[in-house]
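Novice: To start, I am sharing the structure in question, which I have written as structure tokens.
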Amino acid sequence: MGNKPPKQYTELFQQHAQQPVVCQPIGIVHSDYKERYAAPRQPTLGAPAPAVIELNPGMNFEQALKDLDGFSHLWVIYWMHLNRGWNPTVLPPRGPKIRRGLFATRAPHRPNRIGLSAVRLLAVQGRCLSIEGHDMLDGTPVLDIKPYLSYADAFPDASLGWAEALKP
């Protein structure tokens, strides 16, 4: 492709990449984390905190949760509702005090306030999912839930870039 995209890609960009995207939350997180700075930076590195995801009533989500209880982990896509603004570079909480490009980090202050967390599923009851090992605040709007598939979602040989030196 070279450095300059072909004309048809420029037209696609103008048509699609600049239009607003609207999402409707499907539920909310009930968590002990009340403030942004209370949530863990990497929840799998510490003691797993419990939470409940309560899906909205009247949407037939009880049926949508059918068969989910056989999975041990989930991907939760959510809206970081308390974040305001973003920066192109950030100072990660671990490692040397060097500003990094935002997209090379997991910093929460992003152009779109979308969060993604892999969590352990403990139980499914009605419209509620009991989970642990999360980093979501109380009241966090949930946008989507997907099962974690270890054969497709884990890449043990993946390169870690600058974070290689931080591996536990």
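Rule-based calculations on the coordinates, nothing more; no lab input. Keep in mind the model is a prediction, meaning the values are calculated, not measured. Here Cβ is always computed from backbone atoms with ideal geometry, including for glycine, and neighbour counts include all displayed protein chains.
Novice: Trypsin sites (Lys or Arg not before Pro) within the range 47-139: which are DSSP loop residues with at most 13 other Cβ atoms inside 10 Å?
Specialist: On the way: sites: LYS66, ARG84, ARG94, LYS97, ARG99, ARG100, ARG106, ARG113, ARG120, ARG127; in loops: LYS66, ARG84, ARG94, LYS97, ARG99, ARG106, ARG113, ARG127.
When the trypsin sites (Lys or Arg not before Pro) of the range 47-139 are filtered for loop state and at most 13 Cβ neighbours within 10 Å, LYS66, ARG84, ARG94, LYS97, ARG99 remain.
Novice: Let me ask something else. Taking only Cα atoms and a 10 Å spring cutoff, compute GNM fluctuations for the chain and point out the largest among GLY115, GLY126, GLY27.
Specialist: GLY126
Novice: What list do you get for LEU160, LEU82, LEU137 if you sort them by fewest beta carbons within 10 Å?
Specialist: Values: LEU160 9, LEU82 13, LEU137 22.
Exposure proxy ranking, most exposed first: LEU160, LEU82, LEU137.
Novice: Here's something else I'd like to know. Top mean-square fluctuation among MET59, MET80, MET136, Gaussian network model of the chain, C-alpha springs under 10 Å?
Specialist: Residue with maximal mean-square fluctuation among MET59, MET80, MET136: MET59.
Novice: Treating only the Cβ of Lys, Arg, Asp and Glu as charged (+1, +1, -1, -1), what charge dipole size does the chain show about its Cα centre? Round to the nearest 20 debye. Numbers along the way, then the final one.
Specialist: Details: 18 positive and 14 negative charges, 182 e Å.
Roughly 880 debye for the chain.
Novice: Sticking with this structure for a sec: Counting pairwise Cα distances across the range 32-149, what percent come out greater than 25 angstrom? It would help to have the intermediate numbers written out before the result.
Specialist: Working: 1836 of 6903 pairs.
That fraction is 27 percent.
Novice: OK, next. Under a cut-off of 26 Å between alpha-carbon atoms, report the lysines in cross-link reach of LYS167, not counting same-chain residues fewer than 8 places apart.
Specialist: By straight Cα distance, LYS167 reaches LYS97.
Novice: GNM, the chain, Cα, under 10 Å: largest mean-square fluctuation among PHE13, PHE155, PHE71?
Specialist: PHE13
Novice: Per DSSP helix of 4 or more residues, -39500 (n - 2.57); summed, then divided by the residues of the chain. What does that give at 222 nm, rounded to the nearest 500? Walk me through the numbers on the way to the answer.
Specialist: Values: 3 runs with 14 residues, N = 168.
Rounded to the nearest 500, it is -1500 deg cm²/dmol.
Novice: OK, next. Which whole-Hz couplings ³J(HN,Hα) result when phi for each residue of the range 4-20 is put into the Karplus expression 6.51 cos²θ - 1.76 cosθ + 1.60, θ = phi - 60°, listed in order with x for Gly and Pro?
Specialist: Taking θ as phi minus 60°, the curve returns 10, x, x, 3, 4, 6, 4, 5, 4, 4, 5, 6, 10, 6, 9, 8, x Hz for the range 4-20.
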